[in-house]
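K.L.:
The structure that follows is given in the form of structure tokens.
The values are calculated or read from the model by the stated rules, or taken from the named source; none is laboratory data. Quantities reported herein were computed from a predicted structural model and do not represent experimental measurements. Please note: Cβ atoms are built from the backbone with ideal geometry, for glycine as well, and neighbour counts cover all protein chains shown. The protein model used for the area step is the full one, side chains on, heavy atoms only, and it has no ligands, DNA or RNA in it. Shrake-Rupley method; radii C 1.70, N 1.55, O 1.52, S 1.80 Å.
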Amino acid sequence: MTYLVSPSNHWLGYHMVEHLLELGFEVHGQENEQDSDELTLFFGRNSSYAPFIPEKKYKTAYIFSDYNDRLTANTIHTYVLSKNSSKNLGKRHTCIHVPILFGEWMHMDKDGMYWNNSYVRFDSILFQKESIYIKDFIGELVDWNSKGIASREDLYVRSFRSEENSKLKLENSIFLRDNVPIEEKLEKVLQHYQENKIQYDNLYDNL
């Protein structure tokens with residue numbers, strides 16, 4: 001069965017599509033017309049990738065933007081990650097709440113990143129305590145379907161570095177450990193930014 005990712009041309013959707021394709025799954029993507037389509041070029045010619053088809057039934061949908069009923073009408077289960085995902089969407093949906101995700105192709109400069117329209121410096125306590133590397137998050141996210149987590153309507157994802165851990169209910173919480181120090185992950189992302197700065201500028205020149 002096929003997976004749906006929206007928007008597939010956003011940096012979060014890009015990592016989701018890439019991971020699913022690497023696992024050998026068929027993936028359909030819905031693009032955001034306001035975003036650049038440069039990231040889609042990385043997987044657009046993959047025979048296992050195709051554009052969103054409204055009539056098709058999808059095993060799982062991963063929504064990284066505001067929720068849209070049209071996208072998930074034929075989906076068995078939907079994960080919604082957005083700043084507007086707090087409303088109750090029903091049993092076929094899981095709203096994911098995360099502090100900060102960071103990774104390659106995000107909107108950033110050499111000193112910090114943009115998350116939910118706010119600028120977060122890499123040397124800030126907020127970033128050091130709360131941030132989660134995108135590939136760590138997505139790897140865990142794909143595994144949730146096999147762990148019975150899809151039945152939860154809200155899920156709070158935090159790093160073990162987070163100072164908010166004691167405030168969260170365990171039954172609705174997942175804590176991700178850093179197998180590699182966050183400093184090494186950030187260094188990798190900064191190197192990618194320096195090597196591909198022109199493409200980063202093209203992705204976000206209209207923002």
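K.L.:
Within segment 111-122, is even one residue closer than 22 Å to Trp144 by Cα and free of Cβ contacts under 8 Å to residues at least 40 places away in the same chain?
P.N.:
Scanning segment 111-122, I find no residue that is closer than 22 Å to Trp144 by Cα and free of Cβ contacts under 8 Å to residues at least 40 places away in the same chain, so the answer is no.
K.L.:
Would you mention how many residues in segment 21-54 are among the hydrophobic types (A, V, I, L, M, F, W, C), under 18 Å from Thr2 (Cβ atoms) and open to solvent by 50 Å² or more (accessible area, probe 1.4 Å)?
P.N.:
3
K.L.:
Would you mention how many residues in segment 21-73 are assigned to a loop (DSSP other than H, G, I, E, B) and of a type in the set (Val, Ile, Thr)?
P.N.:
Filtering segment 21-73 down to residues assigned to a loop (DSSP other than H, G, I, E, B) leaves 23-26, 30-38, 43-48, 52-57, 64-68, 73.
Those still in the list that are of a type in the set (Val, Ile, Thr) too: 53.
Total satisfying the criteria: 1.
K.L.:
Just a yes or no: is a residue in segment 195-204 at pLDDT 95 or above and either of a type in the set (Gly, Ala, Ser) or outside any helix (DSSP H, G or I) (or both)?
P.N.:
yes
K.L.:
How do the pairs read when you match residues in segment 132-156 that are assigned to a helix (DSSP H, G or I) with residues anywhere that are at pLDDT 85 or above and of a type in the set (Gly, Ala, Ser), using Cβ under 6 Å and keeping only pairs 6 or more apart or on different chains?
P.N.:
Note: pairs meeting the criteria are Ile134/Gly103.
K.L.:
Run Leu4 past the list (1) within 18 Å of Gly139 (Cα to Cα); (2) open to solvent by less than 10 Å² (accessible area, probe 1.4 Å); (3) assigned to a loop (DSSP other than H, G, I, E, B) and report the number of the one that doesn't hold.
P.N.:
(3)
K.L.:
Considering only segment 97-119, state which residues are aromatic (Phe, Trp, Tyr) and in a strand (DSSP E or B).
P.N.:
Phe102, Tyr114, Trp115, Tyr119
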